[in-house]
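One structure is given below, encoded as structure tokens.
Quick note: the coordinates plus some simple rules give every number you see, no bench work behind them. Computed from a predicted structure; not experimentally measured. Cβ: placed from backbone, ideal geometry, glycine included. Neighbour counts: every protein chain shown.
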Amino acid sequence: MKPTIRKRGMAVAGMALLAAGAASAQSNVQVYGMVDAGVEYLSRVGGSGSLMRMPTVTSGIMPSRVGFRGTEDLGRGLKAVFVLEMGLALDSGELMQSGRGFGRQAYVGLSGDWGALTLGRQYAMGLYAMMGSDLMGPAVFGLGSLNAYIPNQRLDNAVAYRGKFGHWEVGALYSAGRDSLRPSNCAGENGSSDCDAYSAMVKYATPAWGATLAHDRLKGGAGSAFFGQPAGLAIGKGSRDDHTYLTGYYLLDKTRLGAGVIHRSLKAVGETYRSNQYYLAASHPVTDRVVLDATYTYLDANRKKANAQLLSVRGNYLFSKRTKAYALIGTVHNDANVGYSVSGGTAAPASPGLGKGQTGVMVGLFHAF
């Protein structure tokens, strides 16, 4: 080989290595997570006794998790994106979401100025509708205590789109099988449309205020179930569970206010269940290190004497931006034909009994990384 050709070949190889290095430098993968554990006390469990435990499903601020998210710049404003996120139970170290490896989120997609198109296990649009207004979030004494679907809005086999354009945000999702594991029993790989799910959202958000309208529809099949399904409703082919969200928030000086209504219509075999869950929320920084959060929610159901009310208050002490200690107190009041627990902390029942109230107290520690 002539020296000139050899030199040119080495130069081309060097340029290729540099280009590969530059492309690699434009890729980014981040490990992140939250760990949250505490101890709660519940009064009047089963009508008379009390209970002290470390919650598993959720905790005082956010459910524990570990995740990986990444992007790669593909040029011309196009990026590849992915998220893999697993839920953890800190009391035992077990995986959550029925033992899934990445049960919270698992998707891949493309994004650009036009928005993001993603495929995999993803959040329904109703969850994004709650952000900003549900200031207690998926805490142990929160909205999910009266409707278990609210903090569990994840759908398998989903294709989703979300886009932001100025102050506006829109989103839509379709799932060919919303949840393959028990009790949902709605796999998307069998070619049946019995367990489809649809979700859509439109949001207007500024730093000072915002409002969101969203709707989710989950369809049922033989042997399937819905989160928070009221007792006595038989789910089968042709059944569906609809949630419509109208939410908003307003920033008043340093105090953030949130409000909303969640309308539920559950069509089962031989019966339709309807409810409106109203909520008001507030978050106020007392000092640079102390923040108070409060939520009141009222469940108005179409069944006789089946309404419930829940009030919860949380005090947060910030050691840093990532670490905080907290204390919560919550109370629930049930009508004669329902027995909701104040706590959504575990799958194990902790009902006070039909028509009875319950008080819960919890202290814990939260860290984000």
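Key figures for this structure:
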{"read-out": "Residue tally, condition in a strand (DSSP E or B), closer than 22 Å to LYS304 by Cα and out of contact with any Gly (no Cβ under 9 Å at 6 or more places or on another chain), over the stretch 227-265", "value": "4"}
{"read-out": "Residue under evaluation GLY344, criteria (1) touching a strand residue (DSSP E or B) at 6+ places or on another chain (Cβ under 7 Å); (2) closer than 26 Å to LYS305 by Cβ; (3) surrounded by 16 or more Cβ atoms within 10 Å (Cβ to Cβ), criterion not met", "value": "(1)"}
{"read-out": "Criterion violated by GLY236 - all others in (1) out of contact with any strand residue (DSSP E or B) (no Cβ under 6 Å at 6 or more places or on another chain); (2) loosely packed, with under 14 Cβ neighbours inside 10 Å; (3) more than 27 Å from ASN316 (Cα to Cα) satisfied", "value": "(2)"}
{"read-out": "Pairs, first without any contact (Cβ under 8 Å) to a residue 40 or more places away in the chain in the stretch 144-156, second in a loop (DSSP other than H, G, I, E, B) and surrounded by 23 or more Cβ atoms within 10 Å (Cβ to Cβ), C-beta under 7 Å, six or more apart", "value": "ASP156/GLY177; ASP156/ARG178"}
{"read-out": "Residues that are among the polar types (S, T, N, Q) and closer than 16 Å to CYS186 by Cβ, drawn from the stretch 225-252", "value": "GLN229, SER239"}
{"read-out": "Selection within the stretch 347-368 - buried (at least 21 other Cβ atoms within 10 Å of the Cβ), farther than 21 Å from LYS321 by Cβ and in contact with an Asp or Glu (Cβ under 8 Å, 6 or more places away or on another chain)", "value": "GLY360, MET362"}
{"read-out": "Residues that are within 19 Å of LEU311 (Cα to Cα) and of a type in the set (S, T, N, Q), drawn from the stretch 266-296", "value": "SER275, ASN276, GLN277, SER283, THR295"}
{"read-out": "Matching option when the condition is under 26 Å from VAL363 (Cβ atoms), free of Cβ contacts under 8 Å to residues at least 40 places away in the same chain and of a type in the set (A, V, I, L, M, F, W, C), among MET52, MET34, MET62", "value": "MET52"}
{"read-out": "Residue satisfying condition, being part of a loop (DSSP other than H, G, I, E, B), over 12 Å from ILE61 (Cα atoms) and within 20 Å of the chain's Cα centre (by Cα), within set SER351, SER343", "value": "SER343"}
{"read-out": "Selected residue (criterion: surrounded by the fewest Cβ atoms within 10 Å (Cβ to Cβ)) from residues of the stretch 239-264 that are free of Cβ contacts under 8 Å to residues at least 40 places away in the same chain and over 27 Å from ALA205 (Cα atoms)", "value": "ARG240"}
{"read-out": "Qualifying residue in the stretch 55-72 (condition: farther than 21 Å from ALA106 by Cα, assigned to a strand (DSSP E or B) and not small (Gly, Ala, Ser))", "value": "no"}
{"read-out": "The stretch 207-218 - residue that is surrounded by 21 or more Cβ atoms within 10 Å (Cβ to Cβ) and not hydrophobic (A, V, I, L, M, F, W, C) and, of those, nearest to LYS164 (Cα to Cα)", "value": "THR212"}
{"read-out": "So SER224, is it crowded, with 17+ Cβ neighbours inside 10 Å, small (Gly, Ala, Ser) and in contact with a His (Cβ under 8 Å, 6 or more places away or on another chain)", "value": "no"}
{"read-out": "Verdict on TYR204 being surrounded by fewer than 21 Cβ atoms within 10 Å (Cβ to Cβ) and farther than 24 Å from ALA80 by Cβ", "value": "yes"}
{"read-out": "Some residue of the stretch 154-170 being aromatic (Phe, Trp, Tyr), closer than 14 Å to HIS215 by Cβ and out of contact with any helix residue (DSSP H, G or I) (no Cβ under 7 Å at 6 or more places or on another chain)", "value": "no"}
{"read-out": "Filter result (hydroxyl-bearing (Ser, Thr, Tyr) and under 22 Å from the mean Cα position of the chain (by Cα)) within the stretch 39-70", "value": "THR56, THR58, SER59, SER64"}
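One line per residue, one yes/no per condition, for (1) within 20 Å of ASP216 (Cα to Cα); (2) in contact with a Phe, Trp or Tyr (Cβ under 9 Å, 6 or more places away or on another chain); (3) among the hydrophobic types (A, V, I, L, M, F, W, C):
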{"site": "THR255", "(1), (2), (3)": "no, no, no"}
{"site": "ASN276", "(1), (2), (3)": "yes, yes, no"}
{"site": "LEU280", "(1), (2), (3)": "no, yes, yes"}
{"site": "HIS284", "(1), (2), (3)": "no, no, no"}
{"site": "VAL290", "(1), (2), (3)": "no, yes, yes"}
{"site": "SER320", "(1), (2), (3)": "no, no, no"}
